[in-house]
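> Would you mind keeping the following structure in view while I ask a few things?
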Amino acid sequence: MVNQNMLALGQTRSCIRELFEYGLRQKAAGETVYDFSLGNPSIPAPPEVNETFVSILRDVDSLAVHSYTPAPGFPDARQTVAEELNRRYGADLRGENFFFTCGAAPALVSVIRALATEGAEIMAIAPFFPEYRPFVEANGAAFVLVPADRETFQIDCAALEERITARTQAVIVNSPNNPSGVIYTRATLEKLAEVLTRKSAEHGHPIYVISDEPYRELVYGGAEVPFLPDIYPNTVICYSYSKSLSMPGERIGYVCVPDRVEDSQAVYAAAAGAARILGHVCAPSLQQRVVAACAASRPDLEAYDRNRVTLYDALTSYGYRCVKPDGAFYLFVQAPGGDAQAFSDQAKARNLLIVPGGDFGCPDYFRASTCVSHEMLLRSLPIFEDLMKPYL
């Protein structure tokens with residue numbers, strides 16, 4: 001016998017991965033495929049990232065490079081990351097506030113498990129990254145969905161407030177958002193902070209924000225991504241360098257528990273304990289050294305921005321409805337006819353791979369990743385236009 005909950009998770013395929021693997025099979029069979037399924041960075045890492053990997057392997061003692069690290073990470077690497085955020089946001093972070101993990105997913109799971117007290121509820125705001133649900137439910141908490149504001153894809157703070165109970169432990173906030181690309185405005189986050197501060201006082205315990213920030217550096221047109229701990233002190237940050245340094249295969253990120261978080265030492269220790277039992281201690285030594293050296297590096301976003309503008313302008317000219325994204329590398333588009341699964345299936349029949357939004361909490365929308373080649377994007381546009389014609 002095996003754990004039935006884990007069996008169900010293992011047997012449930014991600015629709016994103018299924019589409020991606022379908023595309024690979026079609027390409028192997030010689031078919032032309034227009035694949036907008038996967039959020040896999042398509043621009044090179046900044047040059048200094050590869051150079052740093054090489055220099056470390058060349059110049060640092062091999063035993064030191066490949067040795068175990070302290071469970072939370074190298075102290076100097078953690079301090080370097082803290083100082084970079086302090087420089088950018090005027091924060092007062094210390095290296096001791098950070099715990100390196102093998103990417104954002106282990107960071108999220110560790111914090112969720114740390115906060116999953118008996119009977120706990122953890123909220124997510126649609127549209128949301130689909131893995132939030134199993135992250136929450138498999139770690140002992142109840143998943144509470146806040147419906148989307150389909151006009152702006154900002155947070156519907158009234159709907160969120162209605163769903164807060166005495167059991168609410170945390171709200172997951174993801175900005176820039178996957179799948180919408182929307183950045184939550186300062187006004188939105190200030191309203192959220194007001195609601196959570198008031199409800200925390202009403203229920204007699206803090207309601208934490210878990211800020212999932214893998215797309216924090218991917219913004220366009222000078223848009224601001226507010227630093228959430230400045231707005232709501234009870235914010236725990238989960239971060240990944242996968243998108244910001246274009247190295248998703250290297251799996252490095254962190255949990256940051258600022259000192260201003262209520263019961264910060266207990267929250268940090270509980271997240272560290274969760275990482276321990278989940279096997280996420282000692283993030284790779286080499287990657288820690290690289291991110292410490294490249295903490296201030298940023299990707300060249302020109303290609304992403306060109307794709308974002310090209311696809312948005314084309315789809316809206318064909319009659320599709322979409323909130324223009326200011327961050328990440330996705331468009332979240334209202335499905336013609338209102339059934340994203342049916343529309344996605346129609347597109348799949350033309351080898352145009354778009355992700356239906358049911359798992360994101362919006363079954364009437366689809367996601368298109370814009371981290372693709374510009375040439376492929378241009379060749380796909382006549383198919384998008386043809387698919388829309390029956391609905392005009």
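None of the figures in this text is laboratory data; all of them are computed from the coordinates on show. Small disclaimer: the values here were computed from a predicted structure and weren't measured. Glycine also receives a Cβ, built like all others from the backbone with ideal geometry; neighbour counts cover every protein chain displayed.
> Expressed as a whole number of Å, what is the distance separating the alpha-carbon centroids of the stretch 120-196 and the stretch 274-296?
27 Å
> Set the Förster radius R0 to 56 Å, insert the Cβ-Cβ distance between Lys27 and Glu202 as r into 1/(1 + (r/R0)^6), and round the FRET efficiency to 0.05.
0.55
> Mind listing the phi-derived Karplus ³J(HN,Hα) values for the stretch 86-93, rounded to whole Hz, using 6.51, -1.76 and 1.60 with θ = phi - 60°, and x for any glycine or proline?
4, 5, 6, 10, x, 7, 10, 7
> Based solely on its DSSP helices, what 222 nm [θ] is calculated for the chain when runs of n ≥ 4 H residues each add -39,500 (n - 2.57) and the sum is averaged over all residues, nearest 500 deg cm²/dmol?
-13000 deg cm²/dmol
> For the chain, divide the Cα radius of gyration by the Kirkwood radius and give the resulting Rg/Rh value with two decimals.
Ratio of gyration radius to Kirkwood radius: 0.96.
> Next question, about the same structure. How big is the shadow of the Cα convex hull of the stretch 13-129, averaged over all directions, in nm²?
Mean orientational projected area (the stretch 13-129, Cα hull): 12.8 nm².
> Percent of Cα-Cα pairs more than 15 Å apart in the stretch 1-61, please.
Here the tail beyond 15 Å accounts for 71 percent of pairs.
> To continue, here is another question. Taking the alpha-carbon distance from Lys199 and a cut-off under 24 Å, which lysines remain once sequence neighbours fewer than 8 residues away in the same chain are dropped?
Output for Lys199: Lys191.
> I would also like to ask the following. If you wrap a convex hull around the Cα atoms of the stretch 126-179, how much volume per residue is inside, in Å³?
76 Å³
> Show which lysines lie in cross-link reach of Lys243 when reach means a straight Cα distance below 22 angstrom and same-chain residues fewer than eight apart are skipped.
Reachable lysines: Lys324.
> If you don't mind, there's one more thing I want to ask. Taking the Kirkwood radius as the inverse of the mean 1/r across Cα pairs, report the Rg/Rh of the stretch 81-178.
Here the Rg-to-Rh quotient is 1.01.
> How far apart, in nm, are the 7 Å Cα→Cβ label points at Tyr68 and Thr117?
Calculated label separation equals 3.3 nm.
> Highest first, please rank the peptides 105-112, 354-361 by the mean number of other Cβ atoms sitting within 10 Å of their residues.
In decreasing order of mean packing, 105-112, 354-361 become 105-112, 354-361.
> For Lys348, which aspartates and glutamates qualify as cross-link partners when the Cα separation must be under 18 Å and same-chain residues fewer than eight apart are set aside?
Glu18, Glu21, Glu31, Asp35, Asp339, Asp359, Asp364, Glu385, Asp386
> Here's another thing I want to ask about it. Which number do you get for Rg(Cα) / (2.2 N^0.38 Å) in the stretch 157-303? Could the numbers behind the result be given before it?
Values: Rg = 16.6 Å, N = 147, 2.2 N^0.38 = 14.7 Å.
In units of the 2.2 N^0.38 Å rule of thumb, it is 1.13.
> Give me the number: length gained by fully extending Tyr89 to His374, i.e. 0.36 nm times residue separation minus the C-alpha to C-alpha distance, one decimal in nm.
Extra length from Tyr89 to His374 when fully extended: 99.2 nm.
> Pop the C-beta distance of Leu9 and Ile383 into the FRET formula with R0 = 41 Å and round what comes out to the nearest 0.05.
Values: r = 34 Å, r/R0 = 0.83.
Efficiency, from the Cβ-Cβ distance: 0.75.
> Mind listing the phi-derived Karplus ³J(HN,Hα) values for the stretch 285-300, rounded to whole Hz, using 6.51, -1.76 and 1.60 with θ = phi - 60°, and x for any glycine or proline?
4, 4, 5, 4, 5, 5, 5, 5, 6, 10, 4, 9, 6, 9, x, 7
> OK, next. Taking the Cα centre of the chain as origin, sum charge times position over the Cβ atoms of Lys and Arg (+1) and Asp and Glu (-1), and report the length of that vector in debye to the nearest 20.
Magnitude of the dipole: close to 520 debye.
> Moving to a separate point now. Normalising by the residue count of the chain, find the relative contact order in percent from Cα pairs under 8 Å and 6+ residues apart.
So the answer I get is 24 percent.
> Could you give P(r) for the stretch 212-371, binned at 5 Å from zero, as whole percent values over all Cα-Cα pairs?
Values per bin, smallest distances first: 2, 8, 13, 15, 15, 15, 13, 10, 7, 3, 0.
> Which FRET efficiency value, to the nearest 0.05, is calculated for Arg167 and Glu131 with the Förster distance at 25 angstrom and r the Cβ-Cβ distance?
With a Förster radius of 25 Å, E is 0.65.
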